[in-house]
Amino acid sequence: MKFADVILPLPLENSYTYRIPEDMEKAVTPGCRVIVHFGKKRYYTAIVMAVHDKEPLSSFETKDIYALLDASPVLRRPQLRFWKWISSYYLCKLGDVYKAALPSGLKLESETSVIYNEDYEADTPLRPNEQSVLDAFGGALKLTVSELEKKTGLRNVVPVVASLMSRGAVEVSEELKRGFVPKTRTFIRLVETFYDEEKLQEVFNELKRAKKQELLLVSFLDLSHTLNPVLRKELSKKELLERSGFTSNVLDGLLKRGVLECYEKEVGRLQISVCRLLPLLPLSAAQEKAYGDIHDVFKTKEVCLLHGVTSSGKTEVYIHLIDEVLKLGRQVLYLLPEIAITTQITERLAKLFGNRLLVYHSKFSDNERVEVWNKLLHGNEPMLVLGVRSSLFLPFKDLGLIIVDEEHENTYKQQDPAPRYHARNAAIVLAGMHGAKTLLGSATPSIDSYFNATTGKYGLVELSTRYGDVLMPEIIPVDIKELKRKKIMKDTLFSPLLVTKINDALAVGEQVILFQNRRGFAPMIECKSCGWVPHCVNCDVSLTYHKIHNRLVCHYCGYAIQLPPACPECKEADLRMMGFGTEKVEEEIATLFPVAKVERLDFDTARTRTAYERIISDFEQGKTQILIGTQMLSKGLDFGNVSVVGILNADSLMNFPDFRAHERAFQLMVQVSGRAGRRDKRGTVILQTSQPEHPIIRMVQHFAYKEMVGLQLSERSMFRYPPYYRLIVLVLRSRNESVLSEMSSMYAGKLRLHLGERVLGPVTPPVTRVQTLHIKKIILKIEIAAAIAPVREILETVYAEMMQYPAFKQLLVHYDVDPA
Ligand code: ADP
Ligand code: ZN
Ligand code: ZN
């Protein structure tokens, strides 16, 4: 008899054993999806991890696998190894990794869409449940699993859907193998010979007597930019006819003459239209040197850190490396910290790599994501994948290189839910599993990576001049405290110098970026007469005022109320705004520069991918002159015409209660500054602060990266922080404050018995309650050289001891390893 260990999408145990029914014995292999029964009448899609013949030793009866979903595995073998590493290092369950790793399109869950197959005819009678599921469609072609559950009244529709799937009566939208019909479209292009200008001129001479054809050809050249190698794009027949206004008869004339030709092309949803790929740009001498140095590093090291100042042309160096690895027939993963910056880079890469480029991130639809997944699973071509952290989980076959761009970004760390993994660090491990190299790139490397690169663990390559020898921007600190004291800056967010610089830039048609790291209008309001401050009912934070909707909003849980006309405590109508966010900046800009076209880029305006893309592209094309935003602006965007950057208030960045606050403030300010003067002219940055003498301000002003690192490292070694110590944080949450406090003290006490003074706390974080849960943290500081396995054992033992106390069950507990 055969058994399968499977992973369920539940954070309970790592794996469960099921019996394989005889008729499935041959077909069930590791990496396949199966449907299994678990708990009270629930069915789940599980992943087979291993097949063996050891009957489990358990008092419970071993259940049978209910159904097999795949004829061949949906995972490649190394993936499961990677999942296991994530779960053991980040102290979470395999089920958590499974949930994060598989696109929901491959999980039969309540939100999965089920598609009705109209052509289906039953060859054997349907069972009543199957019939009622099919009836539930009632004309609709697509319903989700949960909709089907509602309509049929069945408690558990998953196994029924699975059996209908095996009959071919329905498809799950992600089941592309069977259901997916590639879409093709007709495109038009100029016949190769006529790229020659003289030859093309001859054609025009010939067309003198066929006016319509002549005009259509002009439209074609215009719309497709065929003659401009940079702008050139693919043009479909449909678009050409629609936009030129001619009929297909006219087009036929040109096709018959052999001037234009048509071709069919599969248009995957991800296809990026490029017809002729551009050649790579030649590298500058400095880039060439960096490129060679990276090669040298890779001879002896697995990881290389490329420290290149903003606009030094790191991307171009990556591109040359990618090209080389693809030519060797291996795959490349190009990681970016956020979806936000994929737009610009996608365009750049698509022009060079065409359909060897795959893009993968969470704002894509399920279908699109499953399509990428399947391309990698079934395809054999060397591919470049551009994606955010979740793309680490794709079914790579043979990675040759992983690039982690903007490696310092803390968004590489997943906060919630588990697995709380750090994608940069996990990438290095994944690369190791494939025998691939990892290249980390940043203008402001994380202290951790820089430490590793200067102590011999990684190699270090530097690129210290901007491409085209453009100067680094001039950074001018402005003391706003002084200006306020002298009453020069009254009721305004803008220093006179910043206003002048903006004026100058706008006058010569240049663009401006303004940075303020808070969204909304005012982060806090306060009653002038009694001091009342509105707080969130669920969280221990004050509410942010958003003027657009005249509402007070909690940025932690979304709770919102209308702004009260008067103070609810003392009834005075004297509410005062404290601090300011991007909305207020926008409002003041509108009065100061009424003719300028202004846009705001923050979480409120860029909720969707299209909204974000439009804001960026309007700014790129110069439709917008001033762009105001939060840290979304700092992320590797490349605009050519920005000459002035204003940082409206640096203070809040520096005074943050976190051991990484200064490192992060430095990175953020240098990155934002880096958006200025990227082409030929030197840019200017106005840095407003009330602490102009703060060491961080001076270091930003002189791009004194190494000095910043030196200072931080000495503090970190003194206070036992990374990179000298590894942090593991136990996060404990509960509705019941006193139970939380009692249990977490006891917990810390027990941990201390094993780990001594490596245990700190319990401490109360700055925000003590979020979404009605009170929070305590126990912090472990473990020597970096210490093995992690014994620590994990201690943590498991102590956790089991705590579980003996009934009150402990009122707590939610999770680990955060290497918090960022
Ligand atoms: P970074 O990633 O280091 O901030 P980018 O790669 O975005 O810098 O390069 C900055 C600008 O310089 C871009 O507009 C890019 O197109 C241009 N550039 C960089 N390298 C080259 C090159 N070798 N040839 C032509 N243009 C280049
Ligand atoms: Zn009041
Ligand atoms: Zn809240």
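Some observations on this one:
- The shape of region 386-513 can be summarised by an equivalent ellipsoid whose semi-axes, obtained from the alpha carbon gyration tensor, come to 42, 19, 16 Å from longest to shortest.
- Inter-centroid distance (Cα atoms) of region 452-491 relative to region 352-430, Å: 31 Å
- A straight line joining the Cα centroids of region 130-159 and region 703-779 runs 48 Å.
- Selection from ALA71, ALA46, LEU94, by position along the positive dipole direction of region 3-106 (Cβ): LEU94
- By the compact-protein rule of thumb, 2.2 N^0.38 Å, the alpha-carbon radius of gyration of the chain corresponds to a ratio of 1.06.
- Computed FRET value (nearest 0.05) for LYS233 with LYS211, which takes r as the C-beta separation and R₀ as 45 Å: 0.95
- Model label zone, THR455; criterion: amide N under 14 Å from point 7 Å along Cα-to-beta-carbon; scope region 776-820: 782-787
- Dipole axis of the chain (+1 Lys, Arg; -1 Asp, Glu on Cβ), positive-most option in GLY253, ILE294, LEU221: ILE294
- Placing R0 at 25 angstrom, the Cβ-Cβ distance between LYS490 and ALA590 gives a FRET efficiency of 0.85 after rounding to 0.05.
- Karplus-based coupling profile of region 694-706, in residue order and whole Hz: 4, x, 4, 4, 4, 5, 5, 4, 10, 6, 7, 4, 5, with θ = phi - 60° in 6.51 cos²θ - 1.76 cosθ + 1.60 and x standing for Gly or Pro.
- Close amide H partners of THR144, meaning residues 5 or more places away or on another chain with modelled amide H under 5 Å apart, are VAL114.
- Of the cross-linked pairs LYS208/LYS238; LYS212/LYS238; LYS208/LYS256; LYS314/LYS397; LYS40/LYS63, those separated by over 19 Å at the C-alpha level are LYS208/LYS238; LYS314/LYS397.
- Label reach from SER690 (point 7 Å along Cα→C-beta): in region 566-607, amide nitrogens under 19 Å belong to 576-582, 584-585.
- Along principal axes, Cα extents of region 725-817, largest first, whole Å: 38, 30, 18
- Cα gyration tensor category, rounded, prolate or oblate, for region 550-624 with a/c compared to 1.5: oblate
- Mean Cα-pair separation over length for the chain, i.e. relative contact order, pairs under 8 Å, 6 or more apart, %: 10 percent
- Distance-filtered residues of region 595-633 - backbone nitrogen under 15 Å, label point 7 angstrom along HIS549 Cα→Cβ: 603-608
- Contact order for region 1-48, expressed relative to its length and based on alpha carbon pairs under 8 Å spaced 6+ residues apart, stands at 38 percent.
- Highest average packing first - 279-286, 117-124, Cβ atoms within 10 Å: 279-286, 117-124
- With both labels modelled 7 Å from their Cα along Cα-to-Cβ, the GLU197 to ALA807 distance reads 8.6 nm.
- Gyration tensor (alpha-carbon) shape descriptor, region 113-176, a/c threshold 1.5: rounded
- Summary of packing: across the peptides 529-535, 355-361, 197-203, the per-residue average of other C-beta atoms within 10 Å ranks them, highest first, as 355-361, 529-535, 197-203.
- Inter-probe distance in nm under a simple model that places probes 7 Å from Cα toward Cβ, at ALA50 and SER717: 4.3 nm
- Full-extension gain in nm, GLN562 to LEU221, via 0.36 nm per residue minus C-alpha separation: 117.3 nm
- Each residue of region 420-428 is assigned a 3J(HN,Hα), and the resulting list reads 8, 9, 9, 5, 5, 5, 5, 4, 5 Hz, derived from the Karplus form 6.51 cos²θ - 1.76 cosθ + 1.60 (θ = phi - 60°), x at Gly and Pro.
- For region 321-338 versus region 529-607, the gap between their alpha-carbon centres in whole angstrom: 44 Å
- The mean sequence distance of close C-alpha pairs (under 8 Å, at least 6 residues apart), as a share of the length of region 311-424, puts its relative contact order at 37 percent.
- The ARG257 and SER166 beta-carbon pair, evaluated with R₀ = 45 Å, returns a calculated FRET efficiency of approximately 0.25.
- Projected label points at ALA71 and GLU474, each 7 Å from Cα along the beta carbon direction, are separated by 7.0 nanometres.
Computed from the coordinates by the stated procedures, all read-outs in this text should not be read as laboratory data. Keep in mind the model is a prediction, meaning the values are calculated, not measured. Neighbour counts run over all protein chains shown; Cβ positions are idealised from the backbone, glycine included.
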